[in-house]
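Down below is the structure, laid out as structure tokens.
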Amino acid sequence: MNMEYKKEPIKTKSKMKEIMTNYFLEAFDAKNKGKKVAWITSGGPVEPLIAMDIIPIYPENHGAMIGASKLGEKLVSYAEGLGYSCDLCSYATADIACSRGEKGPIGHLPEPDMLICCNNICSTVVKWYEIQARYFNVPLFILDTPMCHTNFTEDTKEYVRRQFDELFLFLETVCKKKMDFDRLEEVGRLSVQAQKLWQEILDTTTHSPAPMSAFDAFFHLALIVTLRGTEICVNYYRELLEEMKDRIKNKICAVPNEKYRVLWDNLPIWYKTKWLSEKFAERDVCLVADTYTSAWCSSLRYIDENDFLGSLAPAYTRIYLNQGIDTMANEIIKMIDKYKVHGIIMHSNRSCKPYSFGQYDIQKIIRNKTKVPVLIIEADMLDQRSFSDAQIESRIDAFCELLHS
Amino acid sequence: MLTAGIDIGSTTVKCAILKDNEIVATAIDFTGYNVKKAWQNILSKALDKAKLSTNQIDNIISTGYGRDSVDIANKKITEITCHAAGAHFLEPGVRTVIDIGGQDSKAISLAEDGRVIDFVMNDKCAAGTGRFLEVMARAMEVDLDKFGELSMVAREPVKISSLCTVFAESEVISMISQGKSREDIIAGIHRSIATRVYSMASRLDIRSPIMLTGGVAKNIGVVNALKEKLGDNLIINPYAQLNGAIGAAYLAQRQS
Ligand code: SF4
């Protein structure tokens, strides 16, 4: 044991529960308060909703909660019983199961008044939201963001920008009030501020040993997803960032014996985060960065703070999952450098095709351009049936032995 | 210096004893239901052959799926690292190891000193593993040990298209009922496993010389089918099936 460094829980964490509880309580009470609830995809443009006083609800965030409370298998099986294929994304099937009466970790989600779907993360969400729109009989808005294989053209920009105009009109119609564009700029400023803080928090792990791990990032991610554009989010991350800086100063870290630093690709395996984090820590390995949580600040570079409205199209189109494999590989290579990682673990996620599809190619590119070894493990972010303990453990053990040799 | 390596796989349990970097005894048996009994038996079998007793052994390393059950092992190391070490011990020039085990298969890329540079393993499916052959042997009602030689006289190997072991089994059964010859079906099965393993290994940079390890290396049909893909420089060492245990015993020599 390295006596100099010690492990301690992250204190700011305790505030998360209260914030999330209040957030859901408010949403459940929306009707009484005359507020509207919108279900929105995780990569969707939430700022216009906040500016209109609409409460955004994220079925995918709910999916993460389902996974963490190990209810995935039960809900997915239920949806399969309704006729949904076992090949579908388990976030989609678990959400459908929950809205058809099967209980999730908080029972079910507050019912939507509208659905906002952005296909910048995948095409599954389009069909998923169409099904839910029919079921709840509410209006659906689909924001179509073309894939940026190699570049982002002016045409694409204009195409997406026009849809934002349509989105504003849609929101105005459903809410029966005008969009306040000054308020939208203000929400935008808060959103950018939160994204910057989130990036700074993630960057504290460039310090070795890292004051937190990717497993912590998976947890603290909830607010940048659900509450970006609000003061609550900014304040929370400000505090978290301060705590990280203090931890570095006071020699508090995630893995006191940190010898090897690893990067994680794809969504977390929500029902196994504790198991995995213990496995890695026992082997003196710290997961210092990941491509998933950093996706919520990766388009900062395309945002002009003084023109948030004009930045919406590039910011929501040029996201990690909506680009070609070469670009993704380059991003990972930059992260290898930045976080000084010794190895990469790619979760080949049965559910998430756009995330998992190019992994073998990315692995090859990384192998050719760097000497960093890449391990691919197969699982599902939510459905425990796709996880084999013995197989994954021996792969991780072998990978750690390789790092140690 | 005396060391022992115990490799507990899903199908067989293996033990190797090394004295000053020389193999002095090996033993192999089915794993069966009781893993603890299996390794205790195999260790005493190997010790008997070498006329040694447990307390004379300076260092024991266990490997394989059941490695954690070996409470007397000084260290537990995965089969990936042990297979690399074993191959390096048996054939120091080896750069790639392809191991077809009972329930998984793997390809390992080796550095000059026998360290693992990189590795890949089969996905969750059993196609491309020894288990696939066992299931097929049962469906064909042929002793698995005969598989190799039977396939040598095949005239027109069939094509098995199912990727899944269970579906491949029904495919084989329907071929039997269509009157296809056993030999052709068995040869087709070997090709199918070789194709699977080859495409998995291709995710690595396959460098020669390549060594095939694991019990399946005894099957000439699979070996030939793999040679069709990998070329003739596929090394089959007589100790292929014991490679993991030998690697464990060798690492135990180096780490004492
Ligand atoms: S397929 Fe992937 S991106 Fe799409 S909803 Fe499922 S997890 Fe999210």
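Taken over region B:143-160, the criterion of being over 19 Å from the mean Cα position of the chain (by Cα) and crowded, with 16+ Cβ neighbours inside 10 Å is satisfied by B:150, B:151, B:154, B:157, B:158, B:160.
Reported count of residues in region B:79-100, each being within 14 Å of residue B:120 (Cβ to Cβ) and out of contact with any Phe, Trp or Tyr (no Cβ under 7 Å at 6 or more places or on another chain), is 8.
Of the residues that sit in region A:138-189 and are touching a residue at least 40 places away in the same chain (Cβ under 8 Å) and β-branched (Val, Ile, Thr), which one is most open to solvent (accessible area, probe 1.4 Å)? Looking at residues that are touching a residue at least 40 places away in the same chain (Cβ under 8 Å) and β-branched (Val, Ile, Thr), I get A:150.
When region A:80-100 is limited to residues that are buried (at least 24 other Cβ atoms within 10 Å of the Cβ) and not aromatic (Phe, Trp, Tyr), the one that is nearest to residue A:387 (Cα to Cα) turns out to be A:90. Just one of (1) within 14 Å of chain A (Cβ to nearest Cβ); (2) among the small types (Gly, Ala, Ser); (3) crowded, with 23+ Cβ neighbours inside 10 Å fails for residue B:199. It is (3). The single condition among (1) more than 14 Å from chain B (Cβ to nearest Cβ); (2) at pLDDT 95 or above; (3) under 23 Å from residue A:222 (Cβ atoms) that residue A:297 does not satisfy is (2).
Candidates are the residues of region B:114-131 that are modelled with pLDDT of 85 or more and either assigned to a loop (DSSP other than H, G, I, E, B) or open to solvent by less than 50 Å² (accessible area, probe 1.4 Å) (or both); the one that is farthest from the other protein chains (Cβ to nearest Cβ) is B:114. Evaluate the following for residue A:344: is it within 14 Å of chain B (Cβ to nearest Cβ) and away from the ligand (no atom under 14 Å from the Cβ)? Yes; evaluated as a whole, the condition is true for this residue. State all residues of region B:61-75 that are open to solvent by less than 10 Å² (accessible area, probe 1.4 Å) and not in a loop (DSSP other than H, G, I, E, B); if no residue qualifies, say none. Across region B:61-75, the qualifying residues are B:61, B:62, B:63. The listed residues are B:46, B:87, and the only one of them that is over 25 Å from residue B:210 (Cα atoms), out of contact with any Leu (no Cβ under 6 Å at 6 or more places or on another chain) and open to solvent by less than 10 Å² (accessible area, probe 1.4 Å) turns out to be B:46. Restricting A:27, A:51, A:79, A:68 to those that are small (Gly, Ala, Ser) and either in contact with a Phe, Trp or Tyr (Cβ under 7 Å, 6 or more places away or on another chain) or within 12 Å of the ligand (Cβ to nearest atom) (or both) reduces the list to A:68. Inside region A:113-136, residues that are open to solvent by 30 Å² or more (accessible area, probe 1.4 Å) and more than 16 Å from the ligand (Cβ to nearest atom) make up a count of 4. Restricting region A:256-274 to residues that are more than 15 Å from the ligand (Cβ to nearest atom) and hydroxyl-bearing (Ser, Thr, Tyr), the residue that is nearest to the other protein chains (Cβ to nearest Cβ) is A:260.
Restricted to region A:354-379, and to residues there that are touching a residue at least 40 places away in the same chain (Cβ under 8 Å) and within 11 Å of chain B (Cβ to nearest Cβ), the residue that is farthest from residue A:342 (Cα to Cα) is A:379. Within the option set A:110, A:139, being more than 16 Å from the ligand (Cβ to nearest atom) and within 16 Å of residue A:58 (Cβ to Cβ) holds for one residue only, A:110.
The values are calculated or read from the model by the stated rules, or taken from the named source; none is laboratory data. Since we're looking at a predicted model, the values are computed, not measured. Here the Cβ is made from the backbone with ideal geometry for all residues, glycine too, and neighbour counts use every protein chain on show. These area figures cover heavy atoms from the full protein model, side chains too; ligands, DNA and RNA do not enter into them. Shrake-Rupley method; radii C 1.70, N 1.55, O 1.52, S 1.80 Å.
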